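J.: I'd like to ask some things about the structure below.
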Amino acid sequence: MESPLLIALSGADALSRRMDMVANNIANSNTVGYRAQDMLFETQTITPTPGQPLDFVVDRSTYNDLAAGPVQQTGNPLDVALTGPGYLSVKDATGATVYTRAGALKMNPDGSIVDALGNPVLSDGGDAVTIPDGISNIAIAGDGTVSGEKGVIGKLAIAEFPNPQGLVPAGNGYFKADKQTPTGDASNTRVIQGSLENSNVQPVREMTQMLEVSRQYQAVVNIMNQEHDRITNAIKTLGKVS
Amino acid sequence: MKAMAIAATGMAAQETNVNVISNNIANSSTTGFKAQRAEFQDLLYENIRRPGSDASDAGTIVPTGIQIGGGVRTAAVYRMHGQGDLKTTDNPLDIAIVGRGFFQIQMPDGTTSYTRAGSLQLNAQGVIVTPDGNPVLPQITVPIDATSVTINASGQVEASIDGQVTPTVAGQLQLANFVNPPGLEATGDNMFKETPASGSPTTAAPGSTGFGSIRQFTVESSNVNIVSQITDLISAQRAYEMNSRTVKTADEMMQALNQLK
């Protein structure tokens, strides 16, 4: 197979995954706590003929855009938005600790604070924060301390990481801390009660990226078509038995 | 290429969003209505290249991998139980709850439903009922010859009878409280039903600790904030348009592929 076809194929392959990523960002442009993704490309150089390197393209990795999303006021006492690099800690159904920015919290009938999926939000002590019976005015302070009319009830565990880019999105608004542990110091993060952090997807950027991807894809497919014509011509011309 | 399927999930989610917002706007003058909000979550990711996996024999680790998401889904449509605005009226049986609690209503099938809508009336026998004719629990009967009815902040219903100096106590209203009011199931007609998610009701007289008080000649209108609903509607519409644009672009890309010679 000819190199131009394979190089164009590597381009089309990488671009189709980039399109999937842009589509996922646009679909989640209203999802609370969502972090937009972006893609990193890299060239793979091979030199079959000395002095004439050929560059293939490879999508090396996706990374999360860690910019803060817009904070939207809702007035709900259990809605929290985090400003700063921290995350809320949640225990998911398998018992593992996952991290999230989606602060639309609710209360279970037994009084424990849970997220939208019913998974308990962890406190500093490691278990869920439980609101005792009869407390109706819940106040959440800037450092995550939950208190009611009768005093302090508990403290939401806020986790900051030494490498925020290393968090892996796991769906449902959760991030997994692969091989990382929280630094234990959450002083750079503030909790805002009564607000939600909306998705940080920038629509203008995603739409322009989508146009770009579409045109690049068409250009790459064009190269494949030209290659096809060239090879057909070559076979026809060179293969003529006179 | 899953871009089209992802965009389809986006459009479906925004459709749910618009449905919830338009229900809120339609009920912006409904007594005792509590606004709803749709919440979304991203779908599972496909790990094309797992982060943290070894990049070479020397033990170098891939710092970030390739995760492609699957789109969005509606996680919950959550009902916000904030206090609605209080509107004064001339009807002595219009009562509003200021604070936490629900009125208990006896439904025709024998079950108890709960409501915040306190626009009550008297039926032919003098029993305090809702506009649908369902009596309030505990059942309170106002004497036929009462000239006026007073309901105080702790829910005591007193009727003034012609010729008597002191009003007679006709009954005592009770409020029901739940640990998790958003867990109640809405059955329409301003009524809510108890569910395992809401917890069991605890009843007490209005004004007790943790319960709201009653205000007569007042109704609690809906807690819908029109300005925020309209802004949400605009952003939902734009998100829907952008997702449809994604479908179109993915289609163009596949069309280019189809035209490959």
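The values are calculated or read from the model by the stated rules, or taken from the named source; none is laboratory data. Quantities reported herein were computed from a predicted structural model and do not represent experimental measurements. As a convention, Cβ positions derive from the backbone with ideal geometry for all residues, glycine included, and neighbour counts pool all protein chains shown. These accessible areas exclude ligands, DNA and RNA; they are computed on the full protein's heavy atoms, side chains included. Shrake-Rupley method; radii C 1.70, N 1.55, O 1.52, S 1.80 Å.
J.: Along each of the three principal axes of the Cα atoms of chain B, give the extent in whole Å, ordering the values from largest to smallest.
T.: That gives 100, 43, 34 Å along the principal axes, largest extent first.
J.: Longest segment of chain A with no trypsin sites (Lys or Arg not before Pro) in a DSSP loop having at most 12 other Cβ atoms within 10 Å?
T.: Here the longest run is A:1-149.
J.: Name the residue, out of A:Ala93, A:Ala159, A:Ala23, whose mean-square fluctuation peaks in a Gaussian network model built on chain A with Cα pairs under 10 Å.
T.: It is A:Ala93.
J.: Right, another one. Starting from region A:127-222, pick out the GluC sites (Glu not before Pro) whose DSSP state is loop and whose Cβ has at most 12 other Cβ atoms within 10 Å. Working shown, then result.
T.: Numbers: sites: A:Glu149, A:Glu160, A:Glu197, A:Glu206, A:Glu212; in loops: A:Glu149, A:Glu160.
Those that pass, being in a loop and sparsely packed, are A:Glu149.
J.: Same structure, new question: Find the Rg to Rh ratio for region A:64-187, where Rh is the Kirkwood radius over alpha-carbon pairs and Rg uses the same atoms.
T.: Details: Rg = 14.1 Å, Rh = 14.9 Å.
Result: Rg/Rh = 0.94.
J.: Under 16 Å Cα to Cα from B:Lys2, which lysines show up? Leave out anything in the same chain fewer than 8 places away.
T.: B:Lys248
J.: With an 8 Å Cα cut-off and a minimum separation of 6 or more residues, compute the relative contact order for chain A in percent. Intermediate results must be reported in sequence, preceding the final value.
T.: On the way: 460 pairs, mean separation 64.4, N = 242.
So the answer I get is 27 percent.
J.: Kindly report, to the nearest 10 Å², the accessible surface of A:Ile223 as traced by a 1.4 Å probe over protein heavy atoms only.
T.: 80 Å²
J.: In sequence order, what are the phi-derived ³J(HN,Hα) couplings for region B:119-131 according to the Karplus relation 6.51 cos²θ - 1.76 cosθ + 1.60 with θ = phi - 60°, rounded to whole Hz, with x for glycine and proline?
T.: Coupling constants for region B:119-131: 8, 9, 9, 9, 8, 4, 8, x, 7, 6, 10, 7, x Hz.
J.: While we're here: In whole Hz and in residue order, list the ³J(HN,Hα) couplings for region A:95-110 that follow from phi through the Karplus curve 6.51 cos²θ - 1.76 cosθ + 1.60, θ = phi - 60°; x for Gly and Pro.
T.: In residue order, the calculated couplings are x, 7, 8, 10, 10, 8, 9, 7, x, 7, 8, 9, 10, 7, x, 8 Hz.
J.: Next question. Taking amide hydrogens as modeled 1.01 Å from N in the peptide plane, which residues meet the under 5 Å criterion relative to B:Leu173, leaving out close sequence neighbours?
T.: B:Gln156, B:Val157
J.: Related question: What is the total of Lys pairs in chain A with C-alpha atoms under 21 Å apart, excluding same-chain pairs fewer than 8 positions apart? If you can, show how the numbers build up before the last one.
T.: Values: A:Lys91/A:Lys106; A:Lys91/A:Lys155; A:Lys91/A:Lys176; A:Lys91/A:Lys179; A:Lys106/A:Lys150; A:Lys106/A:Lys155.
Lysine pairs meeting both conditions in chain A amount to 6.
J.: Taking the alpha-carbon distance from B:Lys34 and a cut-off under 13 Å, which aspartates and glutamates remain once sequence neighbours fewer than 8 residues away in the same chain are dropped?
T.: B:Asp85, B:Glu185, B:Asp189, B:Glu220
J.: Taking only Cα atoms, what is the 0 to 90° angle, nearest 10, from helix B:226-258's long axis to the longest principal axis of chain B?
T.: The angle comes out near 20 degrees.
J.: Using only Cα atoms, what is the ratio of the radius of gyration of chain A to 2.2 N^0.38 Å?
T.: Values: Rg = 25.3 Å, N = 242, 2.2 N^0.38 = 17.7 Å.
Working it through for chain A, the quotient is 1.43.
J.: For the protein assembly as shown, build the convex hull from the C-alpha positions and give me its volume per residue in Å³.
T.: Numbers: hull volume 90.1 nm³, N = 503.
Expressed per residue, the convex hull around the Cα atoms of the protein assembly as shown is 179 Å³.
J.: Taking all pairs of distinct Cα atoms, average 1/r, flip it, and tell me the Kirkwood hydrodynamic radius of region B:1-147 in Å to one decimal place.
T.: So the Kirkwood estimate lands at 20.4 Å.
J.: For chain A, set up a GNM with springs between Cα atoms under 10 Å and report which of A:Ile113, A:Ile131, A:Ile46 has the largest fluctuation.
T.: A:Ile46
J.: If you don't mind, there's one more thing I want to ask. If you build a Gaussian network model of chain A, linking Cα atoms that sit under 10 Å apart, which residue out of A:Thr97, A:Thr83, A:Thr49 swings the most?
T.: Greatest mean-square fluctuation among the candidates belongs to A:Thr49.
J.: Additional query: Could you state the orientation-averaged shadow area of the convex hull built on the Cα atoms of region B:109-261, in nm² to one decimal? Don't skip to the end; give the middle numbers.
T.: Numbers: hull surface 60.9 nm².
Mean projected area for region B:109-261: 15.2 nm², to one decimal.
J.: Sticking with this structure for a sec: Any chance you could give the angle, 0 to 90 degrees and rounded to 10, that helix B:3-26 forms with the longest Cα principal axis of chain B?
T.: Result, in degrees: 20.
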